[in-house]
Amino acid sequence: DVKVTQSSRYLVKRTGEKVFLECVQDMDHENMFWYRQDPGLGLRLIYFSYDVKMKEKGDIPEGYSVSREKKERFSLILESASTNQTSMYLCASSKDTLRLSPQHFGDGTRLSIL
Amino acid sequence: AQKVTQAQTEISVVEKEDVTLDCVYETRDTTYYLFWYKQPPSGELVFLIRRNSFDEQNEISGRYSWNFQKSTSSFNFTITASQVVDSAVYFCALSVWGPKTSGSRLTFGEGTQLTVNP
């Protein structure tokens, strides 16, 4: 079974802090994704990566950056956290772009910015 | 641009009732996939099904069935004889074929909260 692991289930940080959310997958998937989930808005794509050191903006990249130095790890960075970034963050990975393989999700990180 | 609409925000049923979750999508692409995911209270999204745009055959898996109709751009999900364990948020999603840099990104609907009461 594919395993996508997010480093924290719950995280509380303060406004202005630099926040790192880590995600690791163990199935050698090419693609990795970061979403945020908010009530009534579904899941919105922040950034994704289709290869090591490659990244593409999603629908709501403002205020975020990402890093993918190794194939299995994809980090989401909040450069200067703000209260409107309080949300559930979900990481996902998928095998193959051309065949539109299903994405597999981690358990999510519920981030609160005070 | 792609769009997925799940008009039902919340549905509440009694155990053993059948329930249908609606999903309507918009895309100009001719090659695409549709997905359903389940998100139980634990938070992890669980993949349920993937259908491609060239296969309109309905699918049944146990108590779950899916009705894909290109004519109405719909991909509805029916749970037969619902159980309390079916209580979750269900998401419909769309992905279009594209170059590697498109990353097989998903466009999600807003989700439908299904509550099955004993």
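Data table
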quantity: FRET efficiency for residue B:81 and residue B:115, using Cβ-Cβ distance with R0 set to 25 Å, rounded to 0.05; calculated: 0.95
quantity: Distance between segment B:60-81 and segment A:32-100 - C-alpha centres, whole angstrom; calculated: 30 Å
quantity: Kirkwood Rh in Å, taken over all unlike Cα pairs in chain A; calculated: 14.0 Å
quantity: Residue A:44/residue A:3 FRET efficiency (R0 22 Å; Cβ-Cβ; nearest 0.05); calculated: 0.35
quantity: Sorted peptide list for A:20-26, B:109-115, criterion being average Cβ within 10 angstrom, highest first; calculated: B:109-115, A:20-26
quantity: Cα pair distances of segment B:8-56 binned at 5 Å [whole percent]; calculated: 4, 13, 18, 23, 20, 12, 7, 2
quantity: Estimated FRET transfer efficiency when R0 is 35 angstrom, pair residue B:26-residue A:20 (beta carbons, to 0.05); calculated: 0.45
quantity: Rh by Kirkwood over Cα pairs, then Stokes-Einstein D for the protein assembly as shown at 1.306 mPa s and 10 °C, µm²/s; calculated: 87 µm²/s
quantity: Percent of C-alpha pairs per 10 Å bin, chain B, short to long; calculated: 14, 46, 31, 8, 1
quantity: Difference of contour (0.36 nm per residue) and Cα-Cα distance, residue B:7 to residue B:44; calculated: 11.1 nm
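Read-outs throughout are calculated quantities, based only on the coordinates presented, and are distinct from any laboratory measurement. Computed from a prediction, not measured in an experiment: that's the story for all the values here. When we count neighbours, we look across all protein chains shown, and the Cβ atoms used for this are built from the backbone with ideal geometry, even at glycine.
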